[in-house]
Amino acid sequence: MSDAVAPKIDENLVTLIIDGQPVAVKAGTVLVDAAKQAGIDIPVFCYHPKMEPVGMCRMCLVEVGRPQIDRETGKPALDENGEPIIQFGPKLETGCTVPVAEGMVVRGYTDNVKEARDEVLEFLLTSHPLDCPICDKGGECPLQNLTMNFGPGQSRYIYDEKKHLEKHVPLGDLIFLDRERCIQCARCTRFQDEIVDDPVIGFSQRGRALQIVTFSEPGFDSYWSGNTTDICPVGALTTADFRFGARPWEMQQSASICNQCSVGCNITFNTRREAKSGGQTVIKRAMPRQNEWVNEIWMCDKGRFGYHYTEAANRIQQPLLRKGGQLAPVSWDEALAAVREQVKKAAGKMVTLAGGRLSNEDYFNIKQLSDAAKAPALLYSQMAGGDLTAQVGLGAGSNLADLGPGSTIVVIASDLEEEAGLWWLRLKQAAERGATLVVANPRSTKLERYAQHVVRYSYGQEAAVLQALVDSLSPKNPQQSEAVKGLLREDALKATAQAVQAAENLVVFYGSDGTSLAGSTALAQAAANLLIATGHVGRANNGLVAVWDKGNAQGAWDMGLRPSADLAIQLKEAGLLYIAGADPAGDDPQLAAAVDAAAFVVVQELAMTKTAAAADVVLPALAYTERDGSYTSGERRVQRFYPAVPVLEGARADYAIAAQIGEALGLELEQRSTAKIFRQASETHPAYSGLDYGKLAEVVAQWPIIGRDDVYYGGTTYDNTQGLGVKLDTAAERGETPALSLEAAAEAALPSGLVAVPVTRQYDHGNTISFSKLLDPRREEPQVVLNPQDAAGLGLSEGKPAKVTLDGVQASVTTKIDKSLPQGTALIPRSLGLPINGPTAVKVEA
């Protein structure tokens, strides 16, 4: 085709010609992206569609022509045929930095361009080791692929003059660097700086000695380090668990969903059947899978490396039955017979307790079993509000990427990067796009760096903060608590109220930072009140989001499970205690005593936990990597996951175990097909109406275009071909009128003296992390966090050992200091060895 300018296709788009092909794209699009949208390749190394262009590598050089402008008319000059005259510049231009312009003509395959690309590649290879046969990146290496497509085929550089640098450098405990392979594209350093605001790596030295170094202690101290290996265009950065492990072409891929938190990141498991694993098919690595509505193309290190718990050496492979005081291996038939007998004997005294990481299908069958046995179906959680998110949650069609100018986001009682990292990342981006971000917390969190408004309150006042916002905008509540009255006088709250009032879109995220179950209940209702009172319900990009403490807590709420305010009492008084995927005995001595007091205990679990060790019957369950099912994220997006590895011999899926126990009550629950169970759930739960696995598997085109055929552009992230999931509608969208609760938001009563409050750390000592040995160096040590004045009064300082007594449990911990923490408060992270479920009195000694 000629370089003639095509007619304009849409007046809202810019039209240009790239390699003879008419292209119409949005104004501001750079040439590389415009070409990509048209299916034309302009090769890049340093450019990435998620980061700002820098034009460092020069691989994207192209010839750019622009219409000649008549100085008298200010319009394009025309030739004798009435066509615009195109003037090409004397030099090549970088396609990653040049924005499109109307009438522009771009040539990417002329002799000048080919020669420039030859030279760029020749320079990059002057000191690059020719070790493709042993390089981890082989088979998915942009440098390798682009050299084959655009390179000169031979080098004029003398081998003895190659620059040799250090290899196998541990930047941190998870990432290794081969300095010889690095081509200084700066993708990794820019990702850490621009995308996740963790500039812990950077360049050192100059010229040919330029190299990546880490600035943090410990090295590469970031929750996001694994992403740098995905976007690295060479084999310079590799992960500790995959390096020298397998070749890309040797591995199969299986779509899955990370269940470490409630974001629901889309991931891909790469698997291989190998001799060193005894001929078994094993997971070699976890990779992000593109879903621009959920995790885009990123994942945190906890999700990337935390799956190893599914391969734990202490996985249970045979049912166990207590005989003579000891758990002894038995057949499934014998174990199930014992359980069924106890189910019949329980006669209304059965209690069910399920953890928050089971699938929707598991919860559905467990709830059916519990209802038939007249047993309460309890969710092992200290958060509430799943019923409210079902009423006024994010509306269908919502995407956090759409939040910008005109949108207000309120984050309360949540240290978001610790609790749900990808939401932290996406809200950071929303604030950078112009959304008004409000962070309310008694202490400082990382998200505050991007907040326009920061609201401080005392622990116990979480609900009062939101009630004060409601009252400041619509004073309908005649019975204001003293906490609300005090907050209404704060300038920060007044400014926040103005931002909420002016918002076209309003989204409220609430977490569990410093709250108990009762406090979470009040907080969720206050958040719902704010949304209802301001009219921000029942539509896209408005609503309530719970930052759940477990990956599928929302799915559990949707299927009818609820947390208990009197959990220890209910467990203790159970005639039959049926526990699935939870370890209360390992978390809290009081709950351990309650489990011991129950008449008969049945536990289905992956590995031997303290709760399983105390059980009368232990039933081995399959990991989510060995089966299929669905999860519902905190945004109430239902997504499907698929099996990655064969089932563990001797174990069964949780839904199947529940169905087989239910036979004792004459129940005929589905025990083979998750698709059938999901269909049954959709028939009985209005929010899921009309859904099936086919709809969960549907995909649409996404931008940026990510594919394994051109890893030079977006990295080695997997494109999504197996399902983007479905965003559930809310009760408000179905025409139900949400109720506004006018009950006064009272300040939670706190004990006198030093008060311990629970917080969440990403790397805790929970079972899903403790079995992943690779993360051992990242796991937090038992600690107490104090205000400097409180610490000084106790004779403590940063890093000093301390003794903490909490609810009768004493532990040795390390002292941490936080200047932003209110005096009289001690932070105790959950799942680090000290039982804490809400604000409570604590004794701290040097």
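The values are calculated or read from the model by the stated rules, or taken from the named source; none is laboratory data. All values derive from a computational prediction rather than experimental measurement. Don't worry about glycine lacking a Cβ; one is built from the backbone with ideal geometry, like all the others, and counts go over all protein chains shown. All accessible areas refer to the heavy atoms of the entire protein, side chains included, with ligands and DNA or RNA removed. Shrake-Rupley method; radii C 1.70, N 1.55, O 1.52, S 1.80 Å.
Going through segment 666-693 one residue at a time, which ones are over 26 Å from THR625 (Cα atoms) and not in a loop (DSSP other than H, G, I, E, B)?
The answer is GLU683, THR684, PRO686, ALA687.
Return the total of residues in segment 780-793 being modelled with pLDDT of 95 or more and either open to solvent by 60 Å² or more (accessible area, probe 1.4 Å) or of a type in the set (S, T, N, Q) (or both).
Residues that pass the stated criteria total 5.
Mind listing whichever residues of segment 593-632 are under 31 Å from the mean Cα position of the chain (by Cα) and small (Gly, Ala, Ser)?
The answer is ALA607, ALA612, ALA621, ALA623, GLY629, SER630.
State all residues of segment 227-265 that are in contact with a strand residue (DSSP E or B) (Cβ under 6 Å, 6 or more places away or on another chain), not hydrophobic (A, V, I, L, M, F, W, C) and not in a loop (DSSP other than H, G, I, E, B); if no residue qualifies, say none.
THR228, THR229, THR238, GLU250, GLN252, GLN253, SER254, SER256
Which ones in segment 11-48 are in a loop (DSSP other than H, G, I, E, B) and crowded, with 23+ Cβ neighbours inside 10 Å?
Of everything in segment 11-48, those that are in a loop (DSSP other than H, G, I, E, B) and crowded, with 23+ Cβ neighbours inside 10 Å turn out to be ILE42, PRO43, VAL44, PHE45, TYR47, HIS48.
Just one of ARG58, ARG71, ARG66 is in a strand (DSSP E or B) and basic (Lys, Arg); which is it?
Answer to the check: ARG66.
Pick out the one residue from TYR624, TYR655 that is in contact (Cβ under 8 Å) with a residue 40 or more places away in the chain and closer than 17 Å to SER370 by Cβ.
Among TYR624, TYR655, only TYR655 is in contact (Cβ under 8 Å) with a residue 40 or more places away in the chain and closer than 17 Å to SER370 by Cβ.
Test each condition in (1) out of contact with any helix residue (DSSP H, G or I) (no Cβ under 9 Å at 6 or more places or on another chain); (2) within 29 Å of LYS446 (Cβ to Cβ); (3) modelled with pLDDT under 95; (4) surrounded by fewer than 17 Cβ atoms within 10 Å (Cβ to Cβ) for PRO218 and report the one that comes out false.
(1)
Identify, please: which residue in segment 87-145 is hydroxyl-bearing (Ser, Thr, Tyr) and under 26 Å from THR238 (Cβ atoms) and is, among those, farthest from the chain's Cα centre (by Cα)?
Looking at the filtered set, the residue picked out is THR126.
Filtering segment 166-215 down to residues that are out of contact with any Ser or Thr (no Cβ under 6 Å at 6 or more places or on another chain), part of a loop (DSSP other than H, G, I, E, B) and aliphatic (A, V, I, L, M), which residue is most open to solvent (accessible area, probe 1.4 Å)?
LEU210
In segment 303-345, which residue that is open to solvent by 60 Å² or more (accessible area, probe 1.4 Å) and in a strand (DSSP E or B) is nearest to LEU576 (Cα to Cα)?
ARG322
Tally up the residues in segment 389-403 that are open to solvent by 10 Å² or more (accessible area, probe 1.4 Å) and either among the aliphatic types (A, V, I, L, M) or not in a loop (DSSP other than H, G, I, E, B) (or both), please.
Of the residues in segment 389-403, 5 are open to solvent by 10 Å² or more (accessible area, probe 1.4 Å) and either among the aliphatic types (A, V, I, L, M) or not in a loop (DSSP other than H, G, I, E, B) (or both).
Could you list, in sequence order, the residues of segment 132-152 that are in contact (Cβ under 8 Å) with a residue 60 or more places away in the chain and either outside any helix (DSSP H, G or I) or open to solvent by less than 80 Å² (accessible area, probe 1.4 Å) (or both)?
CYS135, ASP136, LYS137, GLY138, GLY139, GLU140, CYS141, PRO142, LEU143, ASN145, LEU146, PHE150
All but one of (1) within 26 Å of PHE269 (Cβ to Cβ); (2) open to solvent by less than 30 Å² (accessible area, probe 1.4 Å) hold for ARG243, so report the exception by its number.
(2)
Return yes when LEU427 is more than 21 Å from the chain's Cα centre (by Cα) and modelled with pLDDT of 95 or more and no when it is not.
No; evaluated as a whole, the condition is false for this residue.
Of the residues in segment 358-388, how many are touching a residue at least 40 places away in the same chain (Cβ under 8 Å) and in a loop (DSSP other than H, G, I, E, B)?
Number of matching residues: 11.
If you check VAL484 against the conditions, is it farther than 21 Å from ARG830 by Cα and in contact with a strand residue (DSSP E or B) (Cβ under 7 Å, 6 or more places away or on another chain)?
So VAL484 does not fit the description; no.
GLY82 passes all but one of (1) more than 32 Å from the chain's Cα centre (by Cα); (2) in a loop (DSSP other than H, G, I, E, B); (3) within 30 Å of ARG187 (Cα to Cα); which number fails?
Failed condition: (3).
Would you mind stating whether ASP549 is buried (at least 17 other Cβ atoms within 10 Å of the Cβ) and charged (D, E, K, R)?
yes
I need every pair where a residue in segment 551-575 that is in contact (Cβ under 8 Å) with a residue 24 or more places away in the chain and over 29 Å from VAL638 (Cα atoms) has its Cβ under 8 Å from the Cβ of a residue that is of a type in the set (Lys, Arg) and not in a helix (DSSP H, G or I), sequence separation at least 6 or different chains.
GLU573/LYS349; ALA574/LYS349; GLY575/LYS349
Being in contact with a Ser or Thr (Cβ under 8 Å, 6 or more places away or on another chain) and at pLDDT 95 or above: is that true of LEU724 here?
So LEU724 does not fit the description; no.
What tally of residues in segment 430-457 results from selecting those that are assigned to a helix (DSSP H, G or I), farther than 19 Å from ALA401 by Cβ and open to solvent by 40 Å² or more (accessible area, probe 1.4 Å)?
Of the residues in segment 430-457, 1 are assigned to a helix (DSSP H, G or I), farther than 19 Å from ALA401 by Cβ and open to solvent by 40 Å² or more (accessible area, probe 1.4 Å).
Pick from segment 694-715 the residues that are open to solvent by less than 30 Å² (accessible area, probe 1.4 Å) and assigned to a helix (DSSP H, G or I): which of them is modelled with the highest pLDDT?
The extreme case among them is LEU696.
Among the small types (Gly, Ala, Ser), open to solvent by less than 30 Å² (accessible area, probe 1.4 Å) and modelled with pLDDT under 90: which single residue out of SER155, SER127 fits that description?
Exactly one of SER155, SER127 is among the small types (Gly, Ala, Ser), open to solvent by less than 30 Å² (accessible area, probe 1.4 Å) and modelled with pLDDT under 90, namely SER127.
Restricting to segment 404-425, what's the tally of residues that are out of contact with any helix residue (DSSP H, G or I) (no Cβ under 9 Å at 6 or more places or on another chain) and either assigned to a helix (DSSP H, G or I) or open to solvent by 10 Å² or more (accessible area, probe 1.4 Å) (or both)?
1
Among residues belonging to segment 92-124 that are among the small types (Gly, Ala, Ser) and open to solvent by less than 30 Å² (accessible area, probe 1.4 Å), point out the one that is farthest from PRO152 (Cα to Cα).
Checking each candidate, the answer is GLY103.
Hey, which of the helices (runs of 4 or more DSSP H) in segment 475-535, taking only ones fully inside, have at least 1 residues that are out of contact with any Phe, Trp or Tyr (no Cβ under 8 Å at 6 or more places or on another chain), open to solvent by 20 Å² or more (accessible area, probe 1.4 Å) and among the β-branched types (Val, Ile, Thr)?
517-533
Quick one: is VAL470 crowded, with 24+ Cβ neighbours inside 10 Å, modelled with pLDDT under 95 and not aromatic (Phe, Trp, Tyr)?
yes
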